[in-house]
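A short write-up of the structure that comes next.
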Amino acid sequence: MAENDYLSFQTICDKKELEISDIQAKQQLLHMLARNQNWEDARAQLSQLETKRSILSRLLDRFPGYFGKFISLHFAPYLNERVAIDEQQDAFETIIDFLDGVNIVIPDDLKEYLDDVAKTIDLVDVSKKAAASVAAAIQDPEQYLKDNREMFERYKEVKASDAYKNTPGYRLQELFAQLNRENGYNDVFIPAMRRLSSSYREYYEKLLKANEVFLKSYRGVRF
């Protein structure tokens, strides 16, 4: 397989995994329906599955390879709620409109960098570890900062170094930050996610509080 084809192939595989997961969830729903004959509850759960699939499939489509998989893994746990009120429906439509309009162009050399990253790590495992780390940080940010002070100090030094600023990782981070600003990720997508999902809204509010604690010690450092 050609190097430049790897990201596209990986996206196809990720979307196939999503389709299989969706089919399995629908099969479980049919088994439940056969047992309890609760059609109203089945329709509500089916609608929730369609909402989740619509968002996750677009995340995989619009964000390239490794980044699309990572971001879909991040948001998936917060898409298990039913769209029950008009505000949630409006938020869902805003998210779909946003994702359908996103246009991300990655330079070829950074695509190759993403290829290499995707080939050398277990993204599901990395995502789980990252989620666990963030959960610990937002649960007790002061204690987390205390326990990981040495790591944060090293991270600060690396981020400030010229050597790091010449790496593909730094360029990719800066590119995504720019694209997020230009496409409205922080101004449109994230606020809509907070309106759609109460669990994501709770997570995000805790994240903001934890970020305030970190910025007191590491202002100007992007984590």
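Values in this text are rule-based calculations from the coordinates and carry no lab data. Every value quoted in this text rests on a predicted model; they were computed, and no experiment measured them. A quick note on method: Cβ atoms are made from the backbone with ideal geometry, for glycine too, and the neighbour counts reach across all protein chains shown.
Need one number for region 138-223: average projected area of the convex hull over its C-alpha atoms, nm². Before the final figure, lay out each step's value.
Working: hull surface 25.9 nm².
In nm², the orientation-averaged hull projection of region 138-223 is 6.5.
Subtracting the Cα-Cα distance of Glu202 and Ile104 from their residue separation scaled by 0.36 nm leaves 32.4 nm.
Annotation note: trypsin sites (Lys or Arg not before Pro) in region 147-223 located in DSSP loop regions with a Cβ neighbour count of at most 16 within 10 Å are Arg219, Arg222. In a fully extended conformation the segment linking Ala163 and Ala132 would gain 8.2 nm over its present Cα-Cα distance, using 0.36 nm per residue.
Judged by the ratio a/c of the largest to the smallest principal axis of the C-alpha gyration tensor, region 31-152 counts as oblate, that ratio being 1.5 or greater while a/b is no larger than b/c. The convex hull built on the alpha-carbon positions of region 75-223 has an orientation-averaged projected area of 10.3 nm².
For region 51-97, list log₁₀ I(q)/I(0) at each q in 0.18, 0.23, 0.31 Å⁻¹, using the Debye formula over Cα point scatterers of equal strength and ignoring solvent, two decimals each. Each listed q corresponds, in turn, to -0.54, -0.81, -1.16.
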